């Protein structure tokens, strides 16, 4: 099988030649530097022969002017295309988005008109998909699976503009503002997802982190009221273009309560199945007839703290249980952090070759 065939077969819960794998979230800068020193190479995916490639939009040509939404901002602040300010303090290293500070451009807005007037980026502009088409074609020519990334689909992008505290408060007490903002975002995401799907990716990747280590960030009923309808509308548009499109949903943390809802609206694959928060064996038993599972190897536990033998043992067990009958894609549950021993990275790849063949 080619990587592309392997990925599609596994995610459709059929049996591939072996379990597919990748390093979905990549290597942190210090770990990438170590990789380059040890191997003389610059691309872990090429070196380890992973099965996928993430594909995103080309950069915008028309950055909106968000200056009126900010007061004084720290030096070296970067403003992204949604207007979100990101900065690094002296205590942080500029190599990991999780260490960035946020400046929220919508912090002082409050009315429905404010939400209507706020400029949103051109993520649905056709010119931004010209490079996507070429990348997908090149990825397929290499025999690899192409992943169309529509990540941080609704919730994460919205709170990065508004602040999480105020967005959650809006869900309870400022409905007009919240509904207007989310409706505008979903409309753009629908168009973006449609244009992506028309270019024949193997997987369309949606997602929003709504889980913590112990439970959801918001009550499941609030998720169902505010986020589920928009996600369902995006999935519905994807299915109009390609009824058989594989759709992946990323959510870190624990979110058991909404897994049946995700199945109901058409999600095929859960990622990253963070094993410190979700039990992969339980998910396979309970939902294995409806979902495939992508990830499952913990970057909070196994990768940094297990021995190489422990890494291999866990992967062998995961393949035997979660991979039974297909439906498993192995990857770290997040980025390869600086603390991860090099030997554990090698053990991960070696274990897939040793135990992953059906």
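Which one of 43, 72, 271 has the biggest mean-square fluctuation once the chain is modelled by GNM with Cα springs under 10 Å?
72
With only alpha-carbon pairs counted, each pair once and no self-pairs, how large is the Kirkwood hydrodynamic radius of the stretch 101-232 in angstroms?
16.2 Å is the Kirkwood radius here.
Could you list the square roots of 5 times each eigenvalue of the Cα gyration tensor of the stretch 3-355, that is, the equivalent ellipsoid semi-axes, sorted largest first and rounded to whole Å?
In descending order, the three semi-axes are 33, 23, 21 Å.
How large is the helix-only mean residue ellipticity at 222 nm for the chain, computed as the sum of -39500 (n - 2.57) over DSSP H runs with n ≥ 4, divided by its residue count, in deg cm²/dmol to the nearest 500?
-12500 deg cm²/dmol
If I build a Gaussian network model for the chain, linking alpha-carbon pairs within less than 10 angstrom, which residue out of 38, 184, 239 has the largest mean-square fluctuation?
38
Provide the packing ranking of 119-127, 201-209, i.e. peptides ordered by the mean count of other C-beta atoms within 10 Å per residue, highest first.
Order by mean packing, descending: 201-209, 119-127.
I need 4, 194, 144 ordered by Cβ neighbour count within 10 Å, fewest first.
Placing the least packed residue first, the sequence is 194, 4, 144.
Based on Cα coordinates alone, diagonalise the gyration tensor for the stretch 1-151, multiply each eigenvalue by 5, take square roots, and list the semi-axes in whole Å, largest first.
36, 22, 14
Percent relative contact order of the chain, based on C-alpha pairs within less than 8 angstrom and at least six residues apart?
That works out to 22 percent.
Each reported figure results from applying straightforward, stated rules to the coordinates on display, with no laboratory input. The structure displayed is predicted, hence computed values, not measured ones. For neighbour counting, all protein chains shown are included, and Cβ atoms are generated from backbone atoms with ideal geometry for every residue, glycine included.
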